[in-house]
Amino acid sequence: MPDFGDGYRILHSLNPHDEMGSIHWDPDVFEDLYDRITGKIINNVDDIVKTERFFLDDAEVGLIAYGSECRPAREAAELARAQDIKAGLLKLDTVWPVPERQIADLAEQCSLILAVEMNIGKYAGEIERVIGGRCQVKRVTKNRGLVHTPGEILDAIGEAIA
Amino acid sequence: MNTNPLRRYLRENSLPHFFCSGCGAAQVLNYFIQAADELDLDFDNLVAIGGVGCAARIPVYLHAESLHGVHGRTLPWATGIKLHKPELDVVIFSGDGDAGAIGGNHLIQAARRNLDVTMIVVNNLTFAMTGGQVAPTTFQGVNTATTPYGNLEQPFDLCKLVETAGATFVSRWTTNQPRRAIGALKKAIRHKGFALVEIITQCPTYFGRRAVGSGDPVAGVEWIKENSLTARQAANLTEEERVGRFVLGNFVEKEASVFAGSSLYNYSEGE
């Protein structure tokens, strides 16, 4: 893109505009503009979405977490494995766009998925939507301004499989 | 075909303009291109910035590098552009809401830093694009869409505000004085440092109908004229007598070092 002062005299407007930059409050212009902008995300989901898998190759219990909750969740998976529970973690580096393929793949593999969050369950609904009943989903939430301890998540795994 | 010689400064594919008949913002556009023409301003080197609102549309019609559409954030844009390319002429067209309400803190900080830009505040005393609500510049006692029984709030004096904050060129005129306004714009464009020119404009559609009692643009201009004072006239009046009046003039014109970033690191020494 040319720089300011290069002489192109571009109009940069945040209003609906056509390819030339001219503002038009026209439904066709509006639709084309937003198809282009939203297409940057929609057509590039695989390049944008990033997740990490921990101990998931043979896992039967899948934990899904993002942010600070990933550390206790990973440790809980390790503690569970010490008790012969085949647990693993899908760490979401990207929460939006939703890593639908990765979550759906996990649902094919695991019989139980735990959505671990340090709030009243902001993301669990998305996980349930993507899984769509293909396996059991339990919410593990803690809304006290503190992250879960690995022991708390391990207890939740124990309760869920009991 | 004969066209207005100033038309070459306008962006053809943005026309016709969207201003209401008799709108003062269109006059400010006219004043600016007259000032630019008299200065022989290079439009390849000009970045015109507008936020959101009626006056914010002015850059859309200028055939320069134009930015438009982030409410109140004209000065952050301008700051970035000036630090990136200090040699560019950056002119901001802002409404009174954009400058004094939504972007009020940016205004104070830019004046304090003496950012080298020209800020033209088109003050129609109301939020006109959204239907004529009360603004921080609306006079007391005046009716607006959201103050149907008269405005109780005390208005801002934007010129005094930026003067106190450190602006190095401050001027206020109205759409009644085209030559004075153009003269102030020319000085402001050439001024090194933060230059603010406030131009009081009529808004026949909202401020006129509600506050002035007439949607006639001439009545709006007359109302501004009746309530205007020169600095000399104002000097003879008490603070109380000046309430609800526009004091006009070039108030500040001084030199000071301009903003070139916050760090002490000297790039020329670093090389």
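Tabulated data for the structure shown
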| quantity | calculated |
| --- | --- |
| Number of the condition not met by residue B:172 [criteria: (1) in contact (Cβ under 8 Å) with a residue 40 or more places away in the chain; (2) farther than 23 Å from residue B:51 by Cα; (3) in contact with a strand residue (DSSP E or B) (Cβ under 6 Å, 6 or more places away or on another chain)] | (2) |
| Residue that is surrounded by the fewest Cβ atoms within 10 Å (Cβ to Cβ), among those in region B:65-80 that are in contact with a strand residue (DSSP E or B) (Cβ under 8 Å, 6 or more places away or on another chain) and facing chain A (nearest Cβ under 7 Å) | B:69 |
| Wholly enclosed strands (runs of 3 or more DSSP E) of region A:1-89 bearing at least 2 residues within 14 Å of chain B (Cβ to nearest Cβ) | A:11-13 |
| Tally, over region B:50-64, of residues that are assigned to a helix (DSSP H, G or I) and within 11 Å of another protein chain (Cβ to nearest Cβ) | 5 |
| The listed residue being within 15 Å of the chain's Cα centre (by Cα), in contact (Cβ under 8 Å) with a residue 24 or more places away in the chain and over 24 Å from residue A:136 (Cα atoms), out of A:41, A:113 | A:41 |
| Meets criteria (in contact with a Leu (Cβ under 8 Å, 6 or more places away or on another chain), crowded, with 18+ Cβ neighbours inside 10 Å and within 14 Å of chain A (Cβ to nearest Cβ)) for residue B:31 | no |
| Breaking point among (1) more than 25 Å from residue A:21 (Cα to Cα); (2) part of a loop (DSSP other than H, G, I, E, B); (3) touching a strand residue (DSSP E or B) at 6+ places or on another chain (Cβ under 8 Å), for residue B:1 | (3) |
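Condition check ((1) in contact with a Leu (Cβ under 8 Å, 6 or more places away or on another chain); (2) not in a helix (DSSP H, G or I)) across all residues:
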{"position": "B:94", "(1), (2)": "no, yes"}
{"position": "B:111", "(1), (2)": "yes, no"}
{"position": "B:116", "(1), (2)": "no, yes"}
{"position": "B:119", "(1), (2)": "yes, yes"}
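Every read-out reported here was derived from the displayed coordinates using simple, explicitly stated rules and does not represent laboratory data. Model, not experiment: these values are computed from the prediction. Neighbour counts run over all protein chains shown; Cβ positions are idealised from the backbone, glycine included.
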